[in-house]
1. Being under 16 Å from Ser96 (Cβ atoms) and either modelled with pLDDT under 95 or crowded, with 21+ Cβ neighbours inside 10 Å (or both): is that true of Ser141 here?
2. Pairs, please: C-beta under 7 Å, at least 6 apart or cross-chain, first residue over 12 Å from Ile160 (Cβ atoms) and in the stretch 117-142, second part of a helix (DSSP H, G or I) and of a type in the set (Asp, Glu)?
3. Residues of the stretch 84-132 being among the charged types (D, E, K, R) and either closer than 13 Å to Tyr69 by Cβ or surrounded by fewer than 23 Cβ atoms within 10 Å (Cβ to Cβ) (or both), which ones?
4. When you scan the stretch 144-162, do you find a residue that is surrounded by fewer than 19 Cβ atoms within 10 Å (Cβ to Cβ) and aromatic (Phe, Trp, Tyr), even just one?
5. Can you list residue pairs whose Cβ atoms sit under 6 Å apart, with the first residue in the stretch 70-91 being closer than 24 Å to Lys60 by Cα and the second being surrounded by 19 or more Cβ atoms within 10 Å (Cβ to Cβ) and basic (Lys, Arg)? Count only pairs 6 or more apart in sequence or on different chains.
6. Report yes if some residue within the stretch 143-154 is in a loop (DSSP other than H, G, I, E, B), in contact (Cβ under 8 Å) with a residue 12 or more places away in the chain and hydrophobic (A, V, I, L, M, F, W, C); otherwise report no.
7. Of the residues Arg120, Arg158, which is assigned to a helix (DSSP H, G or I), out of contact with any helix residue (DSSP H, G or I) (no Cβ under 9 Å at 6 or more places or on another chain) and not hydroxyl-bearing (Ser, Thr, Tyr)?
8. Evaluate the following for Arg185: is it farther than 21 Å from Lys81 by Cβ and either at pLDDT below 90 or not assigned by TED's automatic domain parsing to the domain that holds Ile65 (or both)?
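The values are calculated or read from the model by the stated rules, or taken from the named source; none is laboratory data. Remember, it's a predicted structure, so these values are computed and weren't measured experimentally. A quick note on method: Cβ atoms are made from the backbone with ideal geometry, for glycine too, and the neighbour counts reach across all protein chains shown.
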Amino acid sequence: MIPSHTKHHLDLNFYVKAVLLLTVIFALNANRALATVKENKQIAGSQSTKPLKKVIDPEKFSGQIAAGYKAAQDAANICSKLFCYCGCDLTDEHLSLLDCFTSMHGVDCAICQEEAIIARDLNKQGKSLAFIQQTIDEHFSSQYPWDEASPALEQYFRSIKVQSKKVRTKYSANNSNSKKMDSKRHCCGH
């Protein structure tokens, strides 16, 4: 049998070790969260400091359209740093996904709506801007209707921190499969 004073000492050692372990786990998680916040602030700081355009009130719409406008409203800062792959950069002179929702463009474009919803959801999960950009780029770049990168797309590629090799290769100047932009094509798959 263990003497009571030794048993008390063993219990105390156990609790001290448990507290130390929990402190280390907490510190590691806090450090990871701070790194993501710091990365997002650095990326945001490297972007324009102009005030964001206002998203049209989502309550004017219903269903998927309202969901897209609401997502853009909830994550306007993120949407302002994403490229919209529907082709509106050329047809409507949009510079970011946010532009689709400050106009009526997002009403009939499922690409815009889906990009905004995914971006908002990833942002709510605490994903970094770089991760969100890469996810959107990899998922939607194949829907871009033009065969060459527009000046807006080239500007976007220069501004992002992480770029998918798959997306970069598709629009590189050395891509021999690249054809000229077809002026008969339209955005949003129309």
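1. Details: under 16 Å from Ser96 (Cβ atoms): yes; either modelled with pLDDT under 95 or crowded, with 21+ Cβ neighbours inside 10 Å (or both): yes.
Spelling it out, Ser141 is indeed under 16 Å from Ser96 (Cβ atoms) and either modelled with pLDDT under 95 or crowded, with 21+ Cβ neighbours inside 10 Å (or both).
2. Arg120/Asp74; Phe140/Glu115
3. The first filter runs over the stretch 84-132 and keeps only residues among the charged types (D, E, K, R), leaving 89, 92-93, 99, 108, 114-115, 120-121, 124, 127.
Those that are among the charged types (D, E, K, R) and either closer than 13 Å to Tyr69 by Cβ or surrounded by fewer than 23 Cβ atoms within 10 Å (Cβ to Cβ) (or both): Asp92, Glu93, Asp99, Asp108, Glu114, Glu115, Arg120, Asp121, Lys124, Lys127.
4. yes
5. Short answer, once both residue conditions are applied: Ala71/Arg120; Asp74/Arg120; Ala75/Arg120.
6. Kept after step one, since they are in a loop (DSSP other than H, G, I, E, B), are these residues of the stretch 143-154: 144-150.
Applying the additional criterion that residues be in contact (Cβ under 8 Å) with a residue 12 or more places away in the chain yields 144-150.
Of the ones still in play, those that are also hydrophobic (A, V, I, L, M, F, W, C) are 146, 149.
Yes, some residue in the stretch 143-154 is in a loop (DSSP other than H, G, I, E, B), in contact (Cβ under 8 Å) with a residue 12 or more places away in the chain and hydrophobic (A, V, I, L, M, F, W, C).
7. Values: Arg120 fails: out of contact with any helix residue (DSSP H, G or I) (no Cβ under 9 Å at 6 or more places or on another chain).
Exactly one residue qualifies, and that residue is Arg158.
8. yes
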